[in-house]
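So the structure is just underneath, and the comments pick up after that.
The values are calculated or read from the model by the stated rules, or taken from the named source; none is laboratory data. Because the structure is predicted, anything quoted here is derived from the model rather than measured. Every residue, glycine as well, gets a Cβ built from its backbone with ideal geometry; the counts of neighbours run over all protein chains shown.
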Amino acid sequence: MRALTWHGKHDVRVETVDDPEILNPRDAIIRITSTAICGSDLHLYDGYIPTMQAGDILGHEFMGEVVETGPKSTLKKGQRVVVPFTISCGSCYHCGKHQYSACDNGLPADNQDIAQTLYGQPMSGLFGYSHMTGGYSGGQAEYVRVPFSDVGPIVVPDGIDDEKVLFLSDILPTGWMAAENADIEPGDTVAVWGCGPVGLFAVQSAFLMGAERVIAIDHFPRRLELAKRFGAETINFEESAVYEALLEMTGGIGPDACIDSVGLEAHGFFVDNVIDQLKASTFLGTDRPHAIRQAILACRKGGRVSMPAVYGGFVDKFPLGAFMEKGLTLKTGQTHVQHYMPGLLNAIIEDKIDTTFLISHRLPLEEAAEGYRMFHDDQNEVTKVVLKPDWAKTAA
Amino acid sequence: MSETLDRRREDDAPPSTSKDRTAAVEEATASFLDKPAQGDADTLVARTVTINRPRAELYAYWRDFANLPSFMDNVERVDILDSRRSHWVVKAPGGKAVEWDAVITQEEEGAVIAWTSEEGADVPNSGRIDFRDAQGDRGTIVTATILYDPPAGVVGKIVAKLFQREPAIQARRDLRRFKQLMETGEIATGARNRRLVEEGKN
């Protein structure tokens with residue numbers, strides 16, 4: 001089959017690799033019909049994530065058609081499914097509590113060592129996201145092996161376009177959980193750092209959960225425009241001082257809840273950001289956490305901070321004093337995708353949530369490397385790239 | 001058995017987590033662990049995992065020693081000699097194998113399996129597997145405790161690579177695989193197909 005493989009920093013290629021096979025009883029093989037490049041794929045592209053190996057297949061936002069099932073899979077051939085990016089068993093204690101991304105069994109036993117050392121306990125597996133998260137081949141390919149197919153993939157009714165439901169795989173539930181973690185109360189003002197897909201879905205979700213005002217922060221005009229479309233007020237951090245602007249816009253109180261959906265990809269010429277970037281590139285091991293610092297300082301006293309953004313390691317100059325003195329609450333975590341999929345699928349079917357506005361580019365899988373380059377180089381125009389492995393067929 | 005532990009420290013942590021390794025072995029062997037028949041077993045390893053399944057089911061699977069290679073990566077095979085004795089063949093570095101006969105020294109249905117190696121073992125060892133109900137309906141707490149005599153000499157040095165530090169890692173990984181098998185019915189692999197499984201890729 002053809003697949004997008006990783007070979008090093010800024011080096012991804014579409015190659016012919018051998019096909020996936022059923023290996024465990026609960027596996028299924030999916031023929032991919034649509035797959036997207038995620039902002040977090042850029043962390044791999046930029047070489048920020050350790051334990052990558054040449055030839056690894058990327059991609060954790062994908063959907064397609066069931067073509068083969070193991071004896072314990074509950075899927076049927078021909079069904080259309082969206083696959084969650086988290087690989088969770090459904091039978092451990094954490095899955096029982098719907099904390100799917102904390103699954104005990106999603107990672108192969110040997111691969112759990114690194115996560116255990118770094119985080120204290122191993123987390124769930126992830127598709128196409130380094131060997132620390134299981135070494136699973138991702139979905140930017142023609143076919144993919146999906147473990148635990150009886151609990152992960154959600155069956156999509158016929159007649160709904162791929163593009164309406166594709167983002168159930170990651171970014172829509174991630175944006176939703178970010179807003180849920182902000183414990184929004186009626187009348188609240190919610191500030192959202194980063195108007196990438198997760199931030200934009202968090203904006204929509206915050207309003208649906210009863211926020212009175214949402215203030216979106218970014219520096220890409222097109223992304224701020226999209227946030228405005230959903231009713232958010234905006235701050236362009238290249239033009240205005242964020243902390244001062246937030247205080248002025250909230251009567252000096254600060255936002256009731258702050259959502260950091262920036263994480264590792266914090267851009268901008270801030271002094272601490274440059275130091276962080278320097279340390280990261282010299283392997284002195286630090287994430288680049290400007291947004292989370294700003295969120296903690298701006299948040300109102302006793303407020304909530306929600307952090308869907310991806311952080312992998314350690315953070316310098318975390319304003320722990322402000323966090324403690326103001327009595328803030330921080331909620332975070334990889335998304336418990338399986339928990340949110342059914343409700344969000346219904347919201348899509350009932351037209352309560354729109355996801356298709358996000359897609360700026362559609363490409364054949366063969367041009368995936370170009371898709372990465374475009375997404376990396378122009379995050380103003382390129383908000384989402386969707387790859388189609390069967391482009392020739394769908395175009396015909 | 002924890003109620004019979006000799007507590008010389010004002011510390012409820014299990015002896016395997018003690019910073020004083022000699023004291024840990026002394027405490028363990030004085031209270032709940034047999035010493036192997038021969039050799040100077042001075043290395044203690046213990047790992048605990050909670051498994052979301054009933055005690056009886058986990059005990060039954062483990063007690064059938066022929067099942068053990070299904071989740072113990074280094075164990076090539078276990079031959080059952082009689083109801084108490086078994087012969088173990090375990091992979092060692094360089095394509096070699098180490099072997100021993102083990103005898104069950106304590107057996108309590110659904111709770112404990114303890115063993116010790118017999119005379120002539122390549123790596124004298126003893127140990128026990130404890131099964132306890134977890135609090136709050138979380139299933140069963142399984143603790144594997146192993147005491148062994150790390151091999152010495154030239155051959156020993158090679159073998160030690162595996163047996164000096166690895167038993168801690170292996171015990172942890174084996175217990176994770178046991179948990180996966182019992183909770184999910186399969187052992188997770190990140191490989192895409194059989195070729196990658198055979199190449200040991202994850």
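Go through A:GLU212, A:GLU225, A:GLU185 for me and flag whichever is without any contact (Cβ under 8 Å) to a residue 24 or more places away in the chain and surrounded by fewer than 24 Cβ atoms within 10 Å (Cβ to Cβ). Write out each step before concluding.
Numbers: A:GLU212 fails: without any contact (Cβ under 8 Å) to a residue 24 or more places away in the chain; A:GLU185 fails: without any contact (Cβ under 8 Å) to a residue 24 or more places away in the chain.
The match here is A:GLU225.
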Fill in: Scope region A:170-186; condition of a type outside the set (A, V, I, L, M, F, W, C) and touching a Pro at 6+ places or on another chain (Cβ under 6 Å); matching residues
A:THR174
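I'd like the full set of residues that are assigned to a helix (DSSP H, G or I) and at the interface with chain A (Cβ under 7 Å from one of its Cβ atoms), limited to region B:180-192. Full working, then the answer.
Let us first name the residues in region B:180-192 that are assigned to a helix (DSSP H, G or I), namely B:180-184.
Matches in region B:180-192: B:GLN180, B:GLU183, B:THR184.
So that you can scan it fast, the table gives a plain yes or no per residue for (1) within 18 Å of A:VAL310 (Cα to Cα); (2) more than 18 Å from the chain's Cα centre (by Cα); (3) at the interface with chain B (Cβ under 9 Å from one of its Cβ atoms); (4) surrounded by fewer than 23 Cβ atoms within 10 Å (Cβ to Cβ):
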position: A:PRO84; (1), (2), (3), (4): yes, no, no, no
position: A:ILE87; (1), (2), (3), (4): yes, no, yes, no
position: A:SER101; (1), (2), (3), (4): yes, no, no, no
position: A:ASP104; (1), (2), (3), (4): no, yes, yes, no
position: A:GLY138; (1), (2), (3), (4): no, no, no, no
position: A:ARG145; (1), (2), (3), (4): no, yes, yes, no
position: A:PRO157; (1), (2), (3), (4): no, yes, no, yes
Response to the item:
The condition of being small (Gly, Ala, Ser), away from chain B (no Cβ under 11 Å) and not in a loop (DSSP other than H, G, I, E, B) holds, among A:GLY47, A:GLY64, A:GLY39, A:GLY59, only for A:GLY64
Worksheet item: Considering region A:140-159 alone, what residues qualify as being closer than 15 Å to A:ILE87 by Cβ and not in a loop (DSSP other than H, G, I, E, B)?
Response: A:VAL144, A:ARG145, A:VAL146, A:ILE154
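Just the residues that are under 13 Å from the mean Cα position of the chain (by Cα) and in a helix (DSSP H, G or I), please, taken from region A:191-220. Explain how you work it out, then say what you get.
Step one: filter region A:191-220 for residues under 13 Å from the mean Cα position of the chain (by Cα), giving A:194-202.
If the condition is that a residue be under 13 Å from the mean Cα position of the chain (by Cα) and in a helix (DSSP H, G or I), then A:PRO197, A:VAL198, A:GLY199, A:LEU200, A:PHE201, A:ALA202 are the ones that fit.
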Practice prompt. Return yes when B:ALA134 is more than 14 Å from every other protein chain (Cβ to nearest Cβ), within 26 Å of B:SER31 (Cβ to Cβ) and at pLDDT 95 or above and no when it is not.
Written response: no
Response to the item:
Only unsatisfied item for B:VAL89, checking (1) in a strand (DSSP E or B); (2) over 26 Å from B:LEU181 (Cβ atoms); (3) of a type in the set (A, V, I, L, M), is (2)
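I want to confirm something. Restricting to region B:161-179 and keeping residues that are in contact with a strand residue (DSSP E or B) (Cβ under 6 Å, 6 or more places away or on another chain) and modelled with pLDDT under 95, which single residue is nearest to the other protein chains (Cβ to nearest Cβ)? Lay out the reasoning, then the answer.
Residues of region B:161-179 in contact with a strand residue (DSSP E or B) (Cβ under 6 Å, 6 or more places away or on another chain): B:167-168, B:171-172, B:175, B:179.
Among the residues that remain, those that are also modelled with pLDDT under 95 are: B:167-168, B:171-172.
Values: B:PRO167: 14, B:ALA168: 11, B:ALA171: 11, B:ARG172: 8 Å.
Taking the candidates together, the pick is B:ARG172.
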